[in-house]
Amino acid sequence: MKISPDISGEITELTVEEGDSVRKGQVLARIYADIYALQRDEAASRVSQSSASVENSRAALEALRATYNQAKINYDRNKKLFDDKVISRAELEQFETSYKSAQANFSAAEQGLRGLQAGVKGTQVSLSRANKDLSRTTLVAPMDGVISSLKVKKGERVAGNSFNVGTEMMTVADMAVLEVRVEIGRAHV
């Protein structure tokens, strides 16, 4: 099986030589591609920032919920006083306005929180993608076998195969299914 990197960069570690036996999952090489580490760090920072915004929004939402609940209690109490002709319509309208305003603020905050939560999911997807890209800097053996061909050296630059045919770095041969073809000449008598 031919081993080519998914990303481009410089080979910083080459842990095998031609003829070495390898086990599935064993690290064969590492490629330095600092852009992936930077992208991962930026994505992690965005996740932290958006998560903090969600927590702040939740706290603000609870304060608005309390204001809304208090405004509703005040409105309901004063509505009864209006029905009993204890207060004027103008006084009731002030409580009604406060209640509707608190209700609108609470609803807007709920919508804002949903938007922030969706933003967190988006940043988490970016972080997952960045982690996946970063993981591609480590090449591991896809199976047990022997390094039958090694075509690169530590310090060389390799091209990833995400857009084109990448640099073939090495070949891992499965010795259990090795086929040998030998031509034997016939002796003429």
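The values are calculated or read from the model by the stated rules, or taken from the named source; none is laboratory data. Quick caveat, the model's predicted, so the values are computed rather than measured. Here the Cβ is made from the backbone with ideal geometry for all residues, glycine too, and neighbour counts use every protein chain on show. Quick note on the areas: whole protein, heavy atoms, side chains included, nothing else; ligands and nucleic acids left out. Shrake-Rupley method; radii C 1.70, N 1.55, O 1.52, S 1.80 Å.
Among the residues making up segment 82-94, those that are of a type outside the set (A, V, I, L, M, F, W, C) and in a loop (DSSP other than H, G, I, E, B) are Asp84, Lys85, Ser88.
In segment 67-78, what count of residues is obtained for those that are surrounded by 14 or more Cβ atoms within 10 Å (Cβ to Cβ) and charged (D, E, K, R)? Can you show your working first?
At the first step, the residues of segment 67-78 found to be surrounded by 14 or more Cβ atoms within 10 Å (Cβ to Cβ) are 67-68, 71-72, 74-75, 78.
If we keep only those that are charged (D, E, K, R) too, we end up with 72.
The total comes to 1.
When you check Leu64 against the structure, is it crowded, with 16+ Cβ neighbours inside 10 Å and in a helix (DSSP H, G or I), yes or no? Considered against the rule, which asks whether it is crowded, with 16+ Cβ neighbours inside 10 Å and in a helix (DSSP H, G or I), Leu64 comes out as yes.
Residue count for segment 27-37, restricted to those that are touching a Gly at 6+ places or on another chain (Cβ under 9 Å) and assigned to a helix (DSSP H, G or I): 3.
When Ala130, Ala52, Ala59 are checked against the criterion of being open to solvent by less than 60 Å² (accessible area, probe 1.4 Å), part of a helix (DSSP H, G or I), free of Cβ contacts under 8 Å to residues at least 60 places away in the same chain and not acidic (Asp, Glu), a single residue qualifies: Ala52.
Could you please let me know if Arg129 is out of contact with any strand residue (DSSP E or B) (no Cβ under 6 Å at 6 or more places or on another chain) and of a type in the set (D, E, K, R)? The answer is yes for Arg129.
Is it true that some residue in segment 104-126 is touching a residue at least 60 places away in the same chain (Cβ under 8 Å), part of a helix (DSSP H, G or I) and open to solvent by 70 Å² or more (accessible area, probe 1.4 Å)? Yes; the residues of segment 104-126 include at least one that is touching a residue at least 60 places away in the same chain (Cβ under 8 Å), part of a helix (DSSP H, G or I) and open to solvent by 70 Å² or more (accessible area, probe 1.4 Å).
Residues are listed down the side, and each one gets a yes or a no for (1) crowded, with 16+ Cβ neighbours inside 10 Å; (2) assigned to a helix (DSSP H, G or I); (3) hydroxyl-bearing (Ser, Thr, Tyr); (4) without any contact (Cβ under 8 Å) to a residue 24 or more places away in the chain:
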site: Pro5; (1), (2), (3), (4): yes, no, no, no
site: Gly25; (1), (2), (3), (4): no, no, no, no
site: Gln39; (1), (2), (3), (4): yes, yes, no, no
site: Ser45; (1), (2), (3), (4): no, yes, yes, yes
site: Lys80; (1), (2), (3), (4): no, yes, no, yes
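For segment 82-100, a residue qualifies if it is polar (S, T, N, Q) and either open to solvent by less than 60 Å² (accessible area, probe 1.4 Å) or touching a Gly at 6+ places or on another chain (Cβ under 8 Å) (or both), and exactly one does: Ser88. Looking across segment 134-168, the residues that are touching a residue at least 60 places away in the same chain (Cβ under 8 Å), within 20 Å of Gln39 (Cα to Cα) and open to solvent by 30 Å² or more (accessible area, probe 1.4 Å) come down to Leu134, Arg136, Thr138, Ala159, Asn161, Ser162.
Put simply, of Ala43, Ala33, Ala71 the only residue that is modelled with pLDDT of 95 or more and not acidic (Asp, Glu) is Ala71.
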